[in-house]
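S.K.: Following this message is one structure expressed as structure tokens.
The values are calculated or read from the model by the stated rules, or taken from the named source; none is laboratory data. Small disclaimer: the values here were computed from a predicted structure and weren't measured. Cβ: placed from backbone, ideal geometry, glycine included. Neighbour counts: every protein chain shown.
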Amino acid sequence: MSRPAEGRRPDAGARARGGGEGAGGRPYVVRGWRHTALQFEGAVTQSRMLTWWPHVLQVGYTRTMLAGLLFDPRPPCIGIIGLGGGSQAKFCYRHLAGTRIEAAESDAGVLALRQEFRIPDDDARLSVELADGARWIGQRQARYGLLLVDAYDAHGIPPALSTQAFYDACRTALTGSGVMATNLYETDTRRHLARMRRAFDGRVLVLEEPRMSNKVAFAWNGERPARDWHAVLANLPWRARWQLASGFSRLAAALQNR
């Protein structure tokens with residue numbers, strides 16, 4: 001599940017649903033006038049959406065991760081490990097009409113809150129499974145043009161999603177020109193990056209998220225994209241452009257300077 005690293009409640013006067021704060025570590029919802037948040041325990045928000053605009057990518061690093069579309073603006077299939085509040089799944093479902101989205105979430109309690117976060121029901125374009133992300137990705141091969149990894153539990157990134165075998169499986173699950181974007185927060189970043197570089201033969205790039213503690217790491221197969229990011233952005237629906245422009249610009253500049 002996602003972990004925006006907000007470190008505070010979404011709204012003063014917000015109210016909890018779905019089990020209450022810290023109820024046996026189960027996920028619960030805090031709903032306020034502006035934000036609806038998914039939390040496990042304490043005051044760290046796991047996922048957050050704008051209550052009245054649920055399809056907007058509210059948290060900065062989620063927008064940065066989707067800058068991976070610079071490699072393939074219209075991937076036939078996108079994989080997601082860690083559904084959480086479904087911010088990226090909803091965005092892709094809404095704005096990438098020809099793309100299928102497949103997501104794995106390991107926490108049944110999170111899936112039980114799916115309607116609270118306005119995540120669409122499964123259909124021909126969207127499939128959400130209750131599954132261990134490491135096993136799930138190991139069953140895919142050359143399937144995803146974009147793989148989004150944002151999987152946390154109450155204690156951080158699960159050990160199974162931190163191994164060399166996991167990152168090797170992520171590379172195998174990508175198409176020949178596919179890219180993985182992963183959220184790294186409050187973890188041993190150097191260890192993760194070393195394993196990603198080993199899996200992807202050094203093709204790894206990291207962006208610091210402005211005003212947040214998150215780092216977004218990209219790893220890819222094949223060559224760096226040679227596309228003009230302005231042209232790629234212009235071909236996306238206008239409601240998506242303003243959300244992705246900054247991430248596209250930052251990723252394109254980092255790739256050029258790499």
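S.K.: Exactly one condition in (1) under 18 Å from GLY86 (Cβ atoms); (2) buried (at least 16 other Cβ atoms within 10 Å of the Cβ); (3) free of Cβ contacts under 8 Å to residues at least 40 places away in the same chain is not met by TYR152; state its number.
M.R.: TYR152 satisfies every listed condition except (3).
S.K.: Under 19 Å from PHE166 (Cβ atoms), surrounded by 15 or more Cβ atoms within 10 Å (Cβ to Cβ) and either of a type in the set (Gly, Ala, Ser) or modelled with pLDDT of 95 or more (or both): does that describe PHE248?
M.R.: It is false that PHE248 is under 19 Å from PHE166 (Cβ atoms), surrounded by 15 or more Cβ atoms within 10 Å (Cβ to Cβ) and either of a type in the set (Gly, Ala, Ser) or modelled with pLDDT of 95 or more (or both).
S.K.: Give region 151-164 a look and list any residue that's at pLDDT 95 or above and touching a Gly at 6+ places or on another chain (Cβ under 8 Å), or say none.
M.R.: ALA160, LEU161
S.K.: Could you run through region 192-245 and say how many residues are over 30 Å from MET49 (Cα atoms), at pLDDT 90 or above and among the basic types (Lys, Arg)?
M.R.: Result for region 192-245: 4.
S.K.: Further, regarding this structure: Name the residues in region 176-191 that are buried (at least 20 other Cβ atoms within 10 Å of the Cβ) and over 15 Å from the mean Cα position of the chain (by Cα), would you?
M.R.: The answer is GLY178, and nothing else.
S.K.: Which of the residues that make up region 207-223 are surrounded by 15 or more Cβ atoms within 10 Å (Cβ to Cβ) and either more than 21 Å from the chain's Cα centre (by Cα) or closer than 14 Å to LEU66 by Cα (or both)?
M.R.: LEU207, GLU209, LYS215, VAL216, ALA217, PHE218, ALA219, TRP220
S.K.: Okay, next question. Tally time: how many residues in region 231-252 are in contact with a helix residue (DSSP H, G or I) (Cβ under 9 Å, 6 or more places away or on another chain) and either among the aromatic types (Phe, Trp, Tyr) or more than 21 Å from CYS92 (Cβ to Cβ) (or both)?
M.R.: 1
S.K.: Determine which member of the set ALA194, ALA142 is over 18 Å from ALA104 (Cα atoms), of a type in the set (A, V, I, L, M, F, W, C) and more than 17 Å from the chain's Cα centre (by Cα).
M.R.: ALA194
S.K.: So ALA199 passes all but one of these: (1) surrounded by 14 or more Cβ atoms within 10 Å (Cβ to Cβ); (2) in contact (Cβ under 8 Å) with a residue 60 or more places away in the chain; (3) not polar (S, T, N, Q). Which condition number does it fail?
M.R.: Among (1) surrounded by 14 or more Cβ atoms within 10 Å (Cβ to Cβ); (2) in contact (Cβ under 8 Å) with a residue 60 or more places away in the chain; (3) not polar (S, T, N, Q), the lone unmet condition for ALA199 is (2).
S.K.: Mind checking which residues of region 20-38 are closer than 13 Å to GLY84 by Cβ and at pLDDT below 65?
M.R.: none
S.K.: Scan region 101-125 and report the pairs whose first residue is surrounded by fewer than 18 Cβ atoms within 10 Å (Cβ to Cβ) and whose second residue is modelled with pLDDT of 95 or more and of a type in the set (S, T, N, Q), with Cβ atoms within less than 8 Å and a gap of 6+ or a chain change.
M.R.: Going by the 8 Å Cβ cut-off, the qualifying pairs are ARG125/THR99.
S.K.: Shifting gears a bit: How many of the residues making up region 103-118 are of a type in the set (Asp, Glu) and in contact with a helix residue (DSSP H, G or I) (Cβ under 9 Å, 6 or more places away or on another chain)?
M.R.: 1
S.K.: Would you mind stating whether GLN141 is among the polar types (S, T, N, Q), loosely packed, with under 15 Cβ neighbours inside 10 Å and in a loop (DSSP other than H, G, I, E, B)?
M.R.: Yes.
S.K.: Given the conditions (1) surrounded by 20 or more Cβ atoms within 10 Å (Cβ to Cβ); (2) at pLDDT 95 or above; (3) closer than 24 Å to ASN257 by Cβ, and given that ALA134 satisfies all but one, which numbered condition is not satisfied?
M.R.: (3)
S.K.: Only residues that are at pLDDT 75 or above, aliphatic (A, V, I, L, M) and surrounded by 21 or more Cβ atoms within 10 Å (Cβ to Cβ): list them for region 39-80, please.
M.R.: Those that are at pLDDT 75 or above, aliphatic (A, V, I, L, M) and surrounded by 21 or more Cβ atoms within 10 Å (Cβ to Cβ): LEU57, VAL59, MET65, LEU66, ALA67, LEU69, LEU70, ILE78, ILE80.
S.K.: Is there any pair with a first residue in region 68-82 that is on the phi < 0 side of the Ramachandran plot and a second that is part of a loop (DSSP other than H, G, I, E, B) and polar (S, T, N, Q) whose Cβ atoms are under 7 Å apart and which are 6 or more apart or on different chains, and what are they?
M.R.: Going by the 7 Å Cβ cut-off, the qualifying pairs are PRO73/ASN235; ARG74/THR99; PRO75/THR99; PRO76/THR99; CYS77/THR99; ILE78/THR99.
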